[in-house]
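Visitor: Dropping the structure in here first, questions after.
All of the numbers you see were taken from the coordinates with simple rules; none came from a lab. Fair warning: this is a prediction, and the values are worked out from it, not measured in the lab. Heads up, the Cβs are rebuilt from the backbone with ideal geometry, glycines too, and the neighbour counts pull from every protein chain shown.
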Amino acid sequence: MSKIILITGATSGFGEATARLFAKNGHSVIITGRRADRLEKLKAELESTYKVNILALNFDVRKQADVQKAVASLPAAWQQIDVLVNNAGLASGLDPIQSGSLEDWEKMIDTNVKGLLYVSKEIIPLMIKRNQGHIINLGSTAGKEVYANGNVYCASKYAVDALTKGMRIDLLKHGIKVTQIAPGAANTEFATVRFHGDKEKANAVYKGYQPMTADDIAGLIYYSTTLPPHLCINDLVVTSLAQANSIYFHKTEN
Ligand code: NDP
Ligand code: 8X3
């Protein structure tokens, strides 16, 4: 049966790969993000390749009024959202707490924590009305163990971990599934964003081992939505074979 999926941050990485996979499987997808050109391009590509309905919503998850306006603009049929993938997020900087930038801190907290809340606040009532739905939050291994210089990014992902648990408890009686996917390192635009566009530093993050890809994570997000109605993955921590947790990697020299 075709479902309606809303994905935040579908212009790159996990979100884009997830949009492709749901579209490939015949679902209607609401793709969102700040880069309107990428949204339009992806919408056109998915509609023509998979003959599915794609709706693009261009907004910044940090702007509560814009989030509210975007969701309110959805035609009634599109408001029947079956799956919300709270994916939009970022790391900005990798500095010791004593020299971190306020601007980076605010960007991470406003996007990863407040943005996730703003979007959830608009979608949860629509799911409660139907007594069904599935919320999938992108946490991280960074939300399981803190690593050096990860401070605020880790804190924001610990918040996602706590919010996922809180949502799961509060939404139990409404028949809404809540899942956290907590990946380790995956090669997307994530590190380039973290290092403010420095590609050399970003590429170094993925050297000496085989990192996960956006498609790997999209596959798990998709899988979590294919379980029977009485099953819910609460928390799925996933890393490449070469990574044990936030801190321990097995990398080859070079
Ligand atoms: P990317 O940088 O490739 O994608 C991030 C997406 O988030 C983009 O589509 C971007 O869209 C969107 N986004 C960022 N800020 C905002 C904003 N203010 N408003 C709306 N959309 C926004 O990174 P990933 O795909 O790797 O990351 C996706 C999620 O997974 C994040 O939450 C990240 O923390 C998490 N994660 C990533 C891991 C990794 O190693 N890659 C591992 C564990 C978790 P746009 O810029 O167009 O707005
Ligand atoms: C992204 C993974 O290890 O860069 O959440 O924090 S890590």
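Visitor: Give me a count of the residues in the range 209-254 that are touching a helix residue (DSSP H, G or I) at 6+ places or on another chain (Cβ under 7 Å) and of a type in the set (Phe, Trp, Tyr).
Guide: So the answer is 1.
Visitor: Examine the range 74-88 for a residue that is acidic (Asp, Glu) and either surrounded by fewer than 17 Cβ atoms within 10 Å (Cβ to Cβ) or at positive phi (or both), and state whether such a residue exists.
Guide: no
Visitor: Name the residue, out of 214, 182, that is among the aliphatic types (A, V, I, L, M) and over 19 Å from residue 12 (Cβ atoms).
Guide: Criteria check complete, one pass: 182.
Visitor: Does residue 150 qualify as being under 25 Å from residue 101 (Cβ atoms) and either among the polar types (S, T, N, Q) or under 18 Å from the mean Cα position of the chain (by Cα) (or both)?
Guide: So residue 150 fails the test.
Visitor: Residues that are free of Cβ contacts under 8 Å to residues at least 12 places away in the same chain and not aliphatic (A, V, I, L, M): which helices (runs of 4 or more DSSP H) entirely in the range 3-115 hold 2 or more of them?
Guide: Output list reads 36-50, 64-72, 102-108.
Visitor: Please verify whether residue 40 is over 16 Å from residue 1 (Cα atoms) and touching a strand residue (DSSP E or B) at 6+ places or on another chain (Cβ under 8 Å), treating the condition exactly as stated. Explain how you work it out, then say what you get.
Guide: Details: over 16 Å from residue 1 (Cα atoms): yes; touching a strand residue (DSSP E or B) at 6+ places or on another chain (Cβ under 8 Å): yes.
Yes, satisfied.
Visitor: Output the residue which, of all residues in the range 174-199 that are within 16 Å of residue 92 (Cα to Cα) and of a type in the set (D, E, K, R), is nearest to ligand 1 (Cβ to nearest atom).
Guide: 189
Visitor: Moving to a separate point now. Of the residues 95, 104, which is buried (at least 18 other Cβ atoms within 10 Å of the Cβ) and over 30 Å from residue 223 (Cβ atoms)?
Guide: It is 104.
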